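For reference, the structure discussed in these notes is given below.
Read-outs: derived from the displayed coordinates by stated rules, not from any lab. The structure displayed is predicted, hence computed values, not measured ones. Cβ placement follows ideal geometry from the backbone for every residue including glycine, while neighbour counts extend to all protein chains displayed.
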Amino acid sequence: MKVSLMVGAALVLAPAAAPAADLAGTWTIQGDFSGAVKYTVVCALHQTGETIAGPCKDNFDQTFNAAGSASGAEARFSYDTLYNGAPVHLDYKGELQPDGSLKGSVDAGIAQGTFTATRAPA
């Protein structure tokens with residue numbers, strides 16, 4: 001009985017997981033790899049629960065599909081693209097900011113950078 005009460009109390013007092021931020025919309029992503037490579041990508045993201053996905057287009061007119069997840073204020077997504085003709089996989093990890101932007105890191109495997117994304121008005 002004592003164990004049941006303790007487990008029940010722990011479940012009641014445990015913080016609930018924060019709902020996923022709403023990341024649906026058209027986002028303009030500004031990426032920067034230490035000033036050596038800067039780029040712009042526009043992604044039209046759709047969201048179902050914690051899953052985010054959608055087509056993206058870069059400043060070289062390449063189109064590719066992003067996929068990832070959102071949990072609380074955190075977002076993770078990735079896509080495969082080309083850089084100077086070579087395939088590159090980019091992993092983004094960011095956090096929704098109070099101003100509505102998304103900021104974080106981007107990992108290309110051999111290089112790491114930062115990004116800022118802003119959502120177009122609805």
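What the table shows:
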{"quantity": "Cβ crowding within 10 Å averaged over residues, with 25-35, 55-65 ranked highest first", "calculated": "25-35, 55-65"}
{"quantity": "Simple spin-label estimate for Ala67 and Val37 in nanometres, 7 Å along Cα-Cβ", "calculated": "2.2 nm"}
{"quantity": "Total formal charge among the other residues, if their Cβ is under 14 angstrom from that of Ala24, Lys/Arg +1 and Asp/Glu -1", "calculated": "-1"}
{"quantity": "Per-peptide average of other Cβ atoms within 10 Å, ordering 68-81, 36-49 highest first", "calculated": "68-81, 36-49"}
